[in-house]
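Step one of this worksheet: look at the structure below.
The values are calculated or read from the model by the stated rules, or taken from the named source; none is laboratory data. Please read these numbers as outputs of a predicted model, since none were measured by experiment. Ideal geometry is used to build each Cβ from the backbone, glycine not excepted, and the neighbour counts take in all protein chains shown. Only protein heavy atoms, including side chains, enter the accessible area calculation; ligands, DNA and RNA are left aside. Shrake-Rupley method; radii C 1.70, N 1.55, O 1.52, S 1.80 Å.
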Amino acid sequence: MLTRPNAAIKEPLLRESASGFLVRVDSPPDLVRLYPSSPLLCSIRWVPPPRGAPKPVSALQNKELGNALFARRQYRAALEPYSLALDLAPSSPLSLTLRANRAATFLHLGRPGAALIDCTTALADPTLPAPLARKVLFRTASAHYGLGQFPAANDRLEQLLALHPDDADALDLQRRTAVRLVESTRGEYDWAFLFAEAGRVPALDIAAYTSASFAPRAIPGRGRGLVATRDIARGELLLVAKPFASGLADRDRTKFVVGANLFTETVDPYATADLVALLIERLSDDPAASKALFDLHPGDGFAAWSPSSNGVDQSRLEAIVTYNAFHTESLASKTASPASDALDAIHAPSTIYHTPSFMNHACLGNVSYSFLADTLFLRARCAIPPGTELVDSYVDAMAALPTRSSILAKHNFVCHCELCTADRVDGPDQLATREALSTSLEALTDKIHGPSQADATQHVGSILSLVAALQATYAPSRGALRPALYRAFRLLAQTYARIGWAPAAVRT
């Protein structure tokens, strides 16, 4: 007998234990609430509750409960009574108020796609009362704004302000929408303000921007990539990208909560699992985002994607996250230095973007990206002529070839960039010698500039010897492409500066 909403688990996995079978739930969206009208319950025979049992809660009572929870800012809890009330009275006059209230709840939860669905349904009803229409119009504009649909948001705000020209909330949102329109069309931002904001909020109120200087193209042997369509100047802003979703770090959680990645056979930080769950929620709210997200490369072993009526392909989604997610480290972050916490990788935020994921790899990239809060900013590192692919390095270019290759192997490819080709020509013996010298250089750096602060003057000779030895591992024909020397010359310059030899530091 079923007389109230019931929980269900989508596609459960069973695991045998000493005490019987356990049900594995991979992410919060695997837990769903079934209402009386849910298709999965269509064959259930509903019977009256036994005498003396509590009476079912009415739609009006659920609405009042939702309102009380909303007033206490318990927005996620408020969703259930609002949703149950709509299920009990889907076509009653009360349903319009319920949709308006639930839309406000979705907006507070950062789910503008779901809010827009409720608002659109309410606005299409000719019986929508004028006072309620005012709220729904504003929430519709807010939902469009949250989805980055700024022209649509502006249209709704103009419609609202034509009826209520003194609406302070609408005027404020219209002002912010005007700023977003300038950002999205011209790439003009208030950088000082954004940097200050990024130091105190996890997500920036900012518009995405894509320059007309590049476009996605098919790259022979490399899938898709981004190719310059005109001359690009050094330092030019190419892209400002907002995420589909971000799995954020939370240092109050147990540090050792991690997950095994079956694609790369490595350990993921828990933020990666959170990201998958958030993406599933995003896709349920915003079906239009499915095509953009599932258009990203999932690695090998997957057929071409096509829309499915069977819901989200979670395995493909996990693969897309594996091969496309960025570990975001905001330039404005006030957290401790990574060196202060050996487990910082466990707390690295994991974020997925669309266009930045098209960038292919080269150890010496011609573009670079940085983050402010959750937003990615892509700029040119050098002048880029038209027809040139925009490439970024997935690895530390100063790492040894074996280290770089082992990381890239998890992405299922071998790099043939200029640096990797030159390193392979050097041969394994020279590479091993260079790596050993680089290790000695790191130890010397820690000795001079680490906590012990050893006397720098007596180590200048050792640094010069290491520089000469590293130079010798490179053939003269190789030219200036000698990244292992960067750290050596940097250490030498820092040491010269520390002991007061300023001219030598400048020359270095």
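Before moving on, here are some points about what is shown:
- Ranked by the mean number of other Cβ atoms within 10 Å of their residues, highest first, the peptides 112-125, 209-222 come out as 112-125, 209-222.
- Candidate residues Phe193, Phe244, Phe413: accessible-area rank, largest first, probe 1.4 Å: Phe193, Phe413, Phe244
- Take the Kirkwood radius over Cα pairs of the range 415-508, plug it into Stokes-Einstein at 25 °C and 0.890 mPa s, and you get 173 µm²/s for translational diffusion.
- Across the range 136-151, coupling constants 3J(HN,Hα) worked out from phi with the 6.51/-1.76/1.60 Karplus curve, θ = phi - 60°, read 5, 4, 5, 5, 5, 4, 5, 5, 4, 4, x, 8, x, 9, 6, x Hz, and Gly and Pro carry x.
- Cα→Cβ-extended label distance, 7 Å offset, between Ser315 and Ser91, nm: 4.2
- Cβ-Cβ distance of Asp446 and Asp190, R₀ of 45 Å, FRET efficiency by 1/(1 + (r/R0)^6): the value works out to about 0.65.
- Residues of the range 403-423 with amide N under 11 Å of a point placed 7 Å along Cα→Cβ from Leu364: 417-423
- Cα→Cβ-extended label distance, 7 Å offset, between Glu158 and Ala304, nm: 4.0
- With 0.36 nm allotted per residue and the present C-alpha distance subtracted, the Met398-Leu331 stretch has 22.0 nm of extension available.
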